[in-house]
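Participant: Below you'll find the structure I mean.
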Amino acid sequence: MSGNLTFDALKKAFAAGEIDTVLTVQVDMQGRLMGKRFHASNFIESAHQETHACNYLIATDMEMEAVEGYASTSWAAGYGDYVMRPDMSTLRRIPWLDGTAMVMCDVEDHHTHKDVPHSPRAVLKKQIARLEDMGMKAMMASELEFFLFHESYREAHQSGYRGINLIGPYNEDYHIFQTTKEEDVMRAIRNGLYDAGIAVECSKGEASAGQEEINVKYDDALTSADNHAIVKNGCKEIAWSKGKALTFMAKWDNASAGSSSHIHQSLWSLKGKPLFLDESGEYGMSKLMRHYVAGLLSHASAVTYFLAPNINSYKRFVAGTFAPTKAIWSPDNRTAGYRLCAEKTKGIRVECRVGGSDLNPHLAFAAQLAAGLDGIANELELEPAYVGDAYEGKGVREIPKTLRAAAEALDRSDMLRGALGNDVVDHYVRAARREQEVFDSRVTDWEIFRGFERS
């Protein structure tokens with residue numbers, strides 16, 4: 001697509017005065033893009049090889065606090081640099097920013113020049129390498145939901161995020177007329193992302209007032225994760241340029257549905273054969289797929305943190321809202337945490353419906369692959385498909401109800417410690433507990449309104 005750039009094309013665009021700025025970005029723990037804006041001349045001269053950034057960027061919280069308790073970084077160690085090494089295959093135009101290109105970077109140790117193991121891109125690349133050693137690749141796609149508001153980010157902030165108005169007044173799920181009224185933003189998002197080299201499929205109204213969904217065509221796991229991070233950043237920048245705000249919070253309001261990021265996944269041979277398909281198998285599932293899905297279910301609690309990384313994430317798991325509460329599988333059943341899609345076709349895949357729109361795609365994809373590969377390695381048997389309303393299921397596997405429970409499950413997971421590394425698991429357990437510690441120390445509006453007069 002037109003957005004993708006070679007290095008030679010960048011040089012020509014700079015010489016022609018079309019591009020003067022290159023964003024060099026990494027994905028942080030929260031899934032945000034962090035980096036620098038280079039003048040294109042300097043990027044072409046030297047920064048295309050490497051640049052540097054403070055190592056606290058992968059050891060901080062949402063507030064950008066320098067968090068204690070990480071083995072990798074500390075005040076005692078001086079918060080030195082990591083290398084940011086541009087992956088030039090990701091170089092692209094950013095059409096909604098004048099004269100701007102962007103490149104994704106891997107994060108390397110300054111001394112060894114090896115990938116920093118807990119950097120999100122490295123976590124995913126490790127699982128991709130495992131697949132390649134087995135002669136396989138993962139094809140993945142992530143849906144993204146968000147809420148769109150009339151107000152700008154500045155106006156929303158100044159109001160304390162109270163009294164802000166959704167872009168629409170009623171449930172707009174698949175609703176053409178309501179979404180027509182939102183086209184100044186959504187059309188700009190679709191076209192901007194497409195012109196940035198991202199294969200946008202569609203946007204639609206989602207199942208709540210003011211809620212939107214953007215869908216991007218499946219691709220290999222790393223490309224899809226990179227695209228997800230760029231889409232989130234791009235949606236916010238484009239909305240900001242239109243004087244609007246949007247949020248990817250998993251649950252922004254009690255009265256509204258949550259926002260999800262469903263993850264579609266399948267395994268293919270390196271030669272392009274769909275390995276999940278066996279037309280003679282039940283539902284068209286191969287033995288490999290059955291083992292993979294069994295792995296997802298067996299380790300569902302352990303991977304939940306990577307699908308729901310914030311306190312707020314767990315507010316989304318409410319029965320009757322199309323957000324799952326049970327980690328079970330079922331054919332084409334949106335009440336289940338794991339849905340079998342496209343049975344008996346080459347597009348057969350499993351959709352993980354647990355993740356919220358606040359997840360980090362690289363970490364979430366990696367955790368899913370690690371769980372599935374464990375199922376394959378140990379030839380785990382797949383439990384029978386659940387039939388009916390999973391919300392009403394009794395005695396079936398529950399999704400952890402709190403971040404605290406998810407962090408404990410992550411900490412105890414021998415599978416993830418083996419697949420990701422003890423240092424990586426310890427790093428993200430610390431991240432989860434930091435989020436919990438900060439929340440536990442804060443007085444909330446709910447407490448004040450409940451107890452100010454009546455306590």
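The values are calculated or read from the model by the stated rules, or taken from the named source; none is laboratory data. As the structure is a computational prediction, the values presented were derived from the model and not from experiment. Cβ atoms come from the backbone with ideal geometry, glycine included; neighbour counts cover every protein chain shown.
Participant: Among L380, L410, which is closer than 27 Å to R434 by Cα and of a type outside the set (K, R)?
Facilitator: On the way: L380 fails: closer than 27 Å to R434 by Cα.
None of the others qualify; the one that does is L410.
Per-residue answers, yes or no, for (1) aromatic (F, W, Y); (2) in contact with a Leu (Cβ under 9 Å, 6 or more places away or on another chain); (3) crowded, with 22+ Cβ neighbours inside 10 Å; (4) not assigned by TED's automatic domain parsing to the domain that holds W240:
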residue: K126; (1), (2), (3), (4): no, yes, no, yes
residue: H150; (1), (2), (3), (4): no, yes, no, no
residue: G160; (1), (2), (3), (4): no, no, no, no
residue: N171; (1), (2), (3), (4): no, no, no, no
residue: H175; (1), (2), (3), (4): no, no, no, no
residue: R190; (1), (2), (3), (4): no, no, no, no
residue: A196; (1), (2), (3), (4): no, no, yes, no
residue: S208; (1), (2), (3), (4): no, yes, yes, no
residue: Y218; (1), (2), (3), (4): yes, no, no, no
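Participant: Take residues that are under 20 Å from L369 (Cβ atoms) and touching a Pro at 6+ places or on another chain (Cβ under 9 Å) and tell me which of the helices (runs of 4 or more DSSP H) falling wholly in the range 404-455 contain 2 or more. Working first, answer last.
Facilitator: On the way: elements: 414-420, 422-440, 445-451.
Helices (runs of 4 or more DSSP H) meeting the threshold: 422-440.
Participant: Still on this structure, please answer the following. Does any residue of the range 374-390 turn out to be on the phi > 0 side of the Ramachandran plot, acidic (D, E), out of contact with any Pro (no Cβ under 8 Å at 6 or more places or on another chain) and at pLDDT 95 or above?
Facilitator: We begin by selecting, within the range 374-390, every residue on the phi > 0 side of the Ramachandran plot; these are 379, 388.
Keeping just the survivors that are acidic (D, E) gives 379.
Then keep just the ones that are out of contact with any Pro (no Cβ under 8 Å at 6 or more places or on another chain); that gives 379.
Filter again for at pLDDT 95 or above, leaving 379.
Checked the range 374-390: at least one residue is on the phi > 0 side of the Ramachandran plot, acidic (D, E), out of contact with any Pro (no Cβ under 8 Å at 6 or more places or on another chain) and at pLDDT 95 or above.
Participant: Among the residues in the range 355-373, are any surrounded by 24 or more Cβ atoms within 10 Å (Cβ to Cβ), of a type in the set (D, E, K, R) and either touching a strand residue (DSSP E or B) at 6+ places or on another chain (Cβ under 9 Å) or at pLDDT 95 or above (or both)?
Facilitator: Our first condition is that a residue be surrounded by 24 or more Cβ atoms within 10 Å (Cβ to Cβ); within the range 355-373, this holds for 355-372.
Still in the running and of a type in the set (D, E, K, R): 358.
Remaining after also requiring either touching a strand residue (DSSP E or B) at 6+ places or on another chain (Cβ under 9 Å) or at pLDDT 95 or above (or both): 358.
The answer is yes; a qualifying residue exists.
Participant: Is it the case that E212 is modelled with pLDDT under 95, of a type in the set (D, E, K, R), buried (at least 22 other Cβ atoms within 10 Å of the Cβ) and under 23 Å from A336 (Cα atoms)? Talk me through it step by step, then tell me what you get.
Facilitator: Values: modelled with pLDDT under 95: no; of a type in the set (D, E, K, R): yes; buried (at least 22 other Cβ atoms within 10 Å of the Cβ): yes; under 23 Å from A336 (Cα atoms): yes.
No: the conditions fail for E212.
Participant: Among the residues of the range 392-399, are any touching a His at 6+ places or on another chain (Cβ under 9 Å) and farther than 30 Å from R32 by Cβ? Show your work before the answer.
Facilitator: At the first step, the residues of the range 392-399 found to be touching a His at 6+ places or on another chain (Cβ under 9 Å) are none.
Scanning the range 392-399, I find no residue that is touching a His at 6+ places or on another chain (Cβ under 9 Å) and farther than 30 Å from R32 by Cβ, so the answer is no.
Participant: Which residue pairs have Cβ atoms closer than 9 Å, lie 6 or more positions apart in sequence or on different chains, and pair a first residue in the range 128-139 that is not assigned by TED's automatic domain parsing to the domain that holds L369 and surrounded by fewer than 19 Cβ atoms within 10 Å (Cβ to Cβ) with a second residue that is charged (D, E, K, R) and in a loop (DSSP other than H, G, I, E, B)?
Facilitator: From the range 128-139, the pairs are G135/K271.
Participant: Another one. May I ask you to list pairs of residues, at least six apart or on different chains, whose Cβ atoms are under 6 Å apart, with the first in the range 351-368 being under 20 Å from I328 (Cβ atoms) and in the same structural domain as L297 (by TED's automatic domain parsing) and the second being part of a helix (DSSP H, G or I) and of a type in the set (F, W, Y)?
Facilitator: A364/F306; A367/F306
Participant: Sticking with this structure for a sec: Could you grab the pairs with beta carbons closer than 8 Å, sequence gap of 6+ or different chains, first residue in the range 419-444 and of a type in the set (F, W, Y), second one surrounded by 15 or more Cβ atoms within 10 Å (Cβ to Cβ)?
Facilitator: Cβ pairs passing all conditions: Y428/M29; Y428/H118; Y428/Y305; Y428/F306; Y428/L363; Y428/L410; F439/I311.
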